[in-house]
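Report on the structure given below.
The values are calculated or read from the model by the stated rules, or taken from the named source; none is laboratory data. Since the structure is predicted, the reported quantities are computational estimates derived from the model, not experimental observations. Virtual Cβ from ideal backbone geometry, glycine too; neighbours counted across all protein chains shown.
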Amino acid sequence: MRRLALFLTLFLGCASLSTAGLFSDDEAHQKITVLQQQIQGMEERVAQMENTARSQGVALLSQLDALKSELATLRGQIEVHAHDIETTQKRQRDLYVDLDSRLRKLEQTGGPVADASSQAGSSKPVSPDQAPIGAVIVDESTAYDAALGLFKAGNYQGAIDGFQSFVGTYPNSHLAPSAYYWIGNSYFNLRDYKNAIASQQKLVSQYPNSSKVPDALLNIASCQQGMGEAAAARKTLGSIVAKYPLSNAAELAKKRLASTK
């Protein structure tokens, strides 16, 4: 019990960073948007000056060269910010997956591990109603870990297929809410926002007491933002703060709400 409490403390301390990486990097995205707007404005100025230069001669060539140099610098900054987003999200996604795996292992209880040789001759999945408790745990853990490994590797479609197979085989598993969460998160990474929202809403409706619910709602808000539904996203963020004020998701929701005022 002390080990679980200690791990939960560590998990809650790190989760805000990892969850932020999973869903968005608002500050970096805002910087990229500002830079893109600057580039668009400068490109328009360059076009105007080129037209003027054709009629007035070479007097503006030096100014055009300076503007083009500045444009190249801004484009370089965009590439740097984009790389920072990708690197940060991968690092924080790996941390979140690792914490999820460790917490799940601490939560597991059960009997002896099933003898692998006793299952070697069968190609059919073991039913929770037919197999010994230990065997069910091993099978659930293996299937879940395999799908989670695909997510961690960036194979989001493979992760979706793996987790959907998992919930189909083990619909009553205590890992089912987490499986739906990762399905939604995988869709989000594929920019399939509608299916991402549908998966997270299934988690919220079927497992309302799950600890994954606040994070699922935060993912829904990110999807709504990605679809350009700013008002719906703010409403979802507000519901997180109101219903789950002590969650890490609520802290992130507060920051997002503050940044959109």
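Data for the structure
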{"quantity": "Some residue of the range 132-144 being at pLDDT 90 or above and surrounded by 15 or more Cβ atoms within 10 Å (Cβ to Cβ)", "calculated": "yes"}
{"quantity": "Residue under evaluation Pro208, criteria (1) in contact (Cβ under 8 Å) with a residue 40 or more places away in the chain; (2) not in a helix (DSSP H, G or I), criterion not met", "calculated": "(1)"}
{"quantity": "The range 227-254, subset surrounded by 15 or more Cβ atoms within 10 Å (Cβ to Cβ) and of a type in the set (Lys, Arg), residue nearest to Gln200 (Cα to Cα)", "calculated": "Arg234"}
{"quantity": "Search result, residues across the range 227-253 that are part of a loop (DSSP other than H, G, I, E, B) and polar (S, T, N, Q)", "calculated": "Ser247"}
